[in-house]
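The values are calculated or read from the model by the stated rules, or taken from the named source; none is laboratory data. Here the structure is a predicted model, which is why all the values come from computation and not from measurement. Please note: Cβ atoms are built from the backbone with ideal geometry, for glycine as well, and neighbour counts cover all protein chains shown.
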Amino acid sequence: MEVHRDDEASKLGMWLFIFTELLLFGGLFLVYSVFRAQYPANFHEGSLELSVTIGTINTIALLFSSMTIAMALSAIQKNNRILSMRLIAVTLLMATVFLFNKYIEWSMKFEHGLYPGSPLMPHLERGDLMFFSLYFFMTGLHALHIIVGMVLLTMCYFKIKSGNLNFQHYIHLENGALYWHLVDLIWIFLFPLLYLIT
Amino acid sequence: MANNVSHTTEYKVLARVVLVLMFLTFLTISVTSFHLGAFSVTVALLIAGVKGYMILTYFMHLKYESLLLRILVAMIFVLYAVIVLITFIDYAYR
């Protein structure tokens, strides 16, 4: 018996979820904008503490991973399973590079006593406190999305391997890729707003 | 059962898009390295907007989606712009 399937509806559902994600991060960007307008000098000094080099490497890693996952979808649509699986593997590798850099970056802050709930944080000026709190919360929530994306894409990898995800039935990879592009889209705004404040 | 209506994007199109995105990233970094004050955040956000538009259009296939979905996505950004506008009017006049 043929199981009912509606890929259009699945995709629309994924988009509706993406809208909620956009508004979730949108709310944080709004808080950021208001406090940046109130404390421009503190936000500028705060951003100087962040490494533009690591931020740039992470931007390139995410942009590249966005391309490879889009190619993985094209590959499965063309019934090229091996290429699709390899491209998902490259995407996961780029995600690991991103998270490793984030770990290095956060470790450097932790060494200077800057982490959520640290004894130093309440003694900072209000503007600095807002900048670093928003930095940790926004990059932390974004990194959590990277981890979720990696889990989704790993599931797609094994579904292609088992044949459940194939050139006739690839909606899981299509939605997984949409989620991954969302993570990239958010980072495109986080990068200039946190690292490149003048 | 044929239930696949999704458009297949060619590899070379995706590769070209990512090259433009990387170029725009370096453009943002070089523009913000000059201290242009309020101008540099405007430019950085404009470039980020162009990059976001390209990701939505090519990577997220909105170019090949139904008009309904494209309008829905556009409306979310309009809604967000209205929220930002109202918030800043509130802060400016309190």
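So which of A:Ala41, A:Ala72, A:Ala37 ends up being closer than 24 Å to A:Leu173 by Cβ and more than 7 Å from chain B (Cβ to nearest Cβ)?
Working: A:Ala41 fails: closer than 24 Å to A:Leu173 by Cβ; A:Ala37 fails: closer than 24 Å to A:Leu173 by Cβ.
Going through A:Ala41, A:Ala72, A:Ala37 in turn, just one is closer than 24 Å to A:Leu173 by Cβ and more than 7 Å from chain B (Cβ to nearest Cβ): A:Ala72.
When region B:7-30 is filtered for residues that are surrounded by fewer than 18 Cβ atoms within 10 Å (Cβ to Cβ) and over 20 Å from A:Ile57 (Cα atoms), the ones remaining, listed by number, are B:His7, B:Thr8, B:Glu10, B:Tyr11, B:Lys12, B:Val13. State all residues of region B:47-65 that are in contact (Cβ under 8 Å) with a residue 40 or more places away in the chain and crowded, with 20+ Cβ neighbours inside 10 Å; if no residue qualifies, say none. Across region B:47-65, the qualifying residues are B:Tyr58, B:Phe59, B:His61.
With the requirement that a residue be at the interface with chain A (Cβ under 7 Å from one of its Cβ atoms) and crowded, with 17+ Cβ neighbours inside 10 Å, what does region B:31-46 give you? Result: B:Thr32, B:Ser40, B:Ala44.
Among the residues of region B:55-63, not a single one is facing chain A (nearest Cβ under 8 Å) and over 12 Å from the mean Cα position of the chain (by Cα). Could you check, for region A:58-71, whether at least one of its residues is surrounded by fewer than 19 Cβ atoms within 10 Å (Cβ to Cβ), free of Cβ contacts under 8 Å to residues at least 24 places away in the same chain and under 23 Å from the mean Cα position of the chain (by Cα)? Scanning region A:58-71 turns up at least one residue that is surrounded by fewer than 19 Cβ atoms within 10 Å (Cβ to Cβ), free of Cβ contacts under 8 Å to residues at least 24 places away in the same chain and under 23 Å from the mean Cα position of the chain (by Cα).
Looking only at region A:164-198, count every residue that is among the small types (Gly, Ala, Ser) and modelled with pLDDT under 95 and tell me the total. I'd like the intermediate steps shown before the answer.
Narrowing region A:164-198 to residues among the small types (Gly, Ala, Ser): A:176-177.
With modelled with pLDDT under 95 added as a condition, the list becomes none.
Summing the residues that are among the small types (Gly, Ala, Ser) and modelled with pLDDT under 95 in region A:164-198 gives 0.
Taking region B:20-66 as the search range and keeping residues that are of a type in the set (Gly, Ala, Ser) and part of a helix (DSSP H, G or I), which one is modelled with the lowest pLDDT? Per the stated criteria, the residue is B:Ala38. Restricting to region A:78-126, and then to whatever is more than 25 Å from the chain's Cα centre (by Cα) and hydrophobic (A, V, I, L, M, F, W, C), can you tell me which residue is farthest from the other protein chains (Cβ to nearest Cβ)? Checking each candidate, the answer is A:Leu120. For region B:67-94, taking the residues that are part of a helix (DSSP H, G or I) and among the aromatic types (Phe, Trp, Tyr), the one that is nearest to A:Met14 (Cα to Cα) is identified as B:Phe77.
Can you tell me how many residues in region B:64-92 are more than 14 Å from the chain's Cα centre (by Cα), among the hydroxyl-bearing types (Ser, Thr, Tyr) and within 10 Å of chain A (Cβ to nearest Cβ)? Spell out how you get there, then give the answer.
Taking region B:64-92 as the starting set, the residues that turn out to be more than 14 Å from the chain's Cα centre (by Cα) are B:64-69, B:71-72, B:79, B:82-92.
Going one step further and asking which of them are among the hydroxyl-bearing types (Ser, Thr, Tyr), we end up with B:64, B:66, B:87, B:91.
Remaining after also requiring within 10 Å of chain A (Cβ to nearest Cβ): B:66, B:87, B:91.
So the answer is 3.
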